[in-house]
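Here's the structure we're looking at; comments come further down.
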Amino acid sequence: MASNFCANRFAGVATVEGSVKWNNAIARSDLYSRPGDIRSHFARDYTRILHCTAYRRLKHKTQVFFDTNNDHVCTRIEHVNHVNSISKTIAVAVGLNSELADAISLGHDLGHAPFGHKGEDVLNDIAKKLSVSERFWHEGNSLRFVDNIEVLESPSNEYCNLNLTYAVRDGILCHWGETDEREIFPRNELVDLKNVARDDRLLPYTWEGCVVRIADKIAYLGRDIEDAFNVGILDVEHKRDLQEIFNRHIAGGECLNNTVLIHSFILNLCSNSSPDVGIKLSDDYYYLMKDVKSYCYEHIYKHEKLERYKKFVEHVICVLFDILSDIVDAWKNMEDESKIKKNYPQLSSDFFDYIRRYSLQHAEAEPAWKKIRKIYDLETEMGKEQACLDFISGMTDKYAISMFKKAISF
């Protein structure tokens, strides 16, 4: 009934197909426009994200619980797929562009650091001490990855940047899953996304971006609770607490679990949203979401085991950053480079390959990589530091821990 009630409520509300014309990415490549392509701009963006390396790596990146031996605990790629499913369901139900919601949701966490938000905090602490232009925040880094780092092969076997549409890039940058809004309206003005700072807290430019922003919270709250029970952080007493929170806001006698939370939030959002009032939950569901989220912060996200693990994460990332700094300093000196390769063979090989692809100093070194953007000037401290930060942010948990162990062992 709910979906019939709200079907096509947003029909006729313009999405930003025209955003292709206002794309901050530089000139189109042959990857961007393919003759006879049957996909829309947004469907093409979706498949580019699906096939890029950063998306694949999400399967070995932390959502909340680190280095778990439980195969059923959520990883970052599962979270992204949950957001994708919820966003598409809402977009279809209310008559928005589901292809645009698809692409934004699939790409929204591509720039997430290894070790989840703990890793993000450590990289941000490092960035604030350096000469890089801004602090580290995963939303901004996700835009950086889709704009400058992720590439695909063109039909002529050359590598090209993804060149996504403005609407998708904007939705990725503005998903802000940790914020609480009673209702969300898209902003009216086009802005240069590359100049958006973390503290701007910019609202998305499209309704679909607004949907993804709230779908992010719907996706992680119930699943994080489910996982916390699976790993033993929550117990029967916590289950009673959460049920009491649920009953305080919502009458009906349902048991609180991930299925009930997702289904209830989706139906309520679809029933209460419109172009006039925005993407919104009713008051009771809004306060339910706030209270459940607060409970999760107190009893899950700030749990002592997670806080202690942050110290390990900080040590791993800081050691890797120091080694990468030495590697990038050695790129001009053959003697230093030889010593680095001897001490850190795999890490130095992988990082040298990386900086050769993206640095101004190696612009002509690999013909297949000629078309991609060169984003590091290795003659400057800022360029070298940014290369180290970007390389670490692209690591999986498994790769980071493996390189750390190899770095400190003989």
Exercise. Do the conditions hold for K21, that is, is it surrounded by fewer than 16 Cβ atoms within 10 Å (Cβ to Cβ), of a type outside the set (G, A, S) and at pLDDT below 65?
Worked result: yes
For this session: Please work out if R240 is within 22 Å of T179 (Cβ to Cβ), charged (D, E, K, R) and surrounded by fewer than 21 Cβ atoms within 10 Å (Cβ to Cβ).
Result: no
Problem set entry | Segments classed as helices (runs of 4 or more DSSP H), wholly inside the stretch 299-410, with at least 2 members that are aromatic (F, W, Y) | 304-329, 345-358, 397-408
For this session: Select from the stretch 351-360 the residues that are in contact (Cβ under 8 Å) with a residue 24 or more places away in the chain and within 18 Å of N333 (Cα to Cα) and list them in ascending order.
Result: F351, F352, Y354, I355, S359
Problem set entry | Enumeration of residues in the stretch 330-372 that are surrounded by 14 or more Cβ atoms within 10 Å (Cβ to Cβ), closer than 27 Å to S154 by Cα and either at pLDDT 95 or above or in contact with a helix residue (DSSP H, G or I) (Cβ under 8 Å, 6 or more places away or on another chain) (or both) | D350, F351, F352, Y354, I355, R356, R357, Y358, S359, H362, W369, I372
For this session: Would you tally the residues in the stretch 42-73 being touching a residue at least 60 places away in the same chain (Cβ under 8 Å), assigned to a helix (DSSP H, G or I) and of a type in the set (V, I, T)?
Result: 2
Seminar exercise, completed: Here the residues within the stretch 275-299 that are touching a helix residue (DSSP H, G or I) at 6+ places or on another chain (Cβ under 9 Å) and farther than 30 Å from E208 by Cα are H299
For this session: Would you be able to say whether some residue in the stretch 308-316 is surrounded by 14 or more Cβ atoms within 10 Å (Cβ to Cβ), within 30 Å of R240 (Cα to Cα) and either under 23 Å from the mean Cα position of the chain (by Cα) or not charged (D, E, K, R) (or both)?
Result: yes
Exercise. Scanning for something free of Cβ contacts under 8 Å to residues at least 40 places away in the same chain, over 25 Å from the mean Cα position of the chain (by Cα) and more than 24 Å from E78 (Cα to Cα), does the stretch 256-277 turn up at least one residue?
Worked result: yes
Exercise. If you go through the stretch 185-196 one residue at a time, how many are in contact with a Phe, Trp or Tyr (Cβ under 9 Å, 6 or more places away or on another chain) and in contact (Cβ under 8 Å) with a residue 60 or more places away in the chain?
Worked result: 3
For this session: Answer yes or no as to whether V231 is of a type in the set (V, I, T), farther than 22 Å from H108 by Cβ and surrounded by fewer than 16 Cβ atoms within 10 Å (Cβ to Cβ).
Result: no
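Pick from the stretch 125-174 the residues that are of a type in the set (K, R) and not assigned by TED's automatic domain parsing to the domain that holds L190: which of them is nearest to the chain's Cα centre (by Cα)?
At the first step, the residues of the stretch 125-174 found to be of a type in the set (K, R) are 128-129, 135, 144, 169.
With the extra rule that they be not assigned by TED's automatic domain parsing to the domain that holds L190, the set shrinks to 128-129, 135, 144.
Numbers: K128: 21, K129: 24, R135: 16, R144: 11 Å.
Here the answer is R144.
Yes/no per residue for (1) in contact with a Pro (Cβ under 9 Å, 6 or more places away or on another chain); (2) of a type in the set (A, V, I, L, M, F, W, C):
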position	(1), (2)
E139	no, no
L143	no, yes
V151	no, yes
P155	no, no
C160	no, yes
R182	no, no
N188	no, no
P204	yes, no
For this session: Name the residue, out of K374, K370, K339, that is touching a residue at least 12 places away in the same chain (Cβ under 8 Å) and more than 20 Å from A54 (Cα to Cα).
Result: K370
Exercise. Any residue at all in the stretch 139-151 that is farther than 17 Å from V211 by Cα, buried (at least 22 other Cβ atoms within 10 Å of the Cβ) and of a type in the set (S, T, N, Q)?
Worked result: yes
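The values are calculated or read from the model by the stated rules, or taken from the named source; none is laboratory data. If you're wondering where the values come from, they're calculated on a predicted model, not measured in any experiment. Methodologically, a virtual Cβ is constructed for each residue, glycine included, from the backbone with ideal geometry; neighbour enumeration extends over all protein chains shown.
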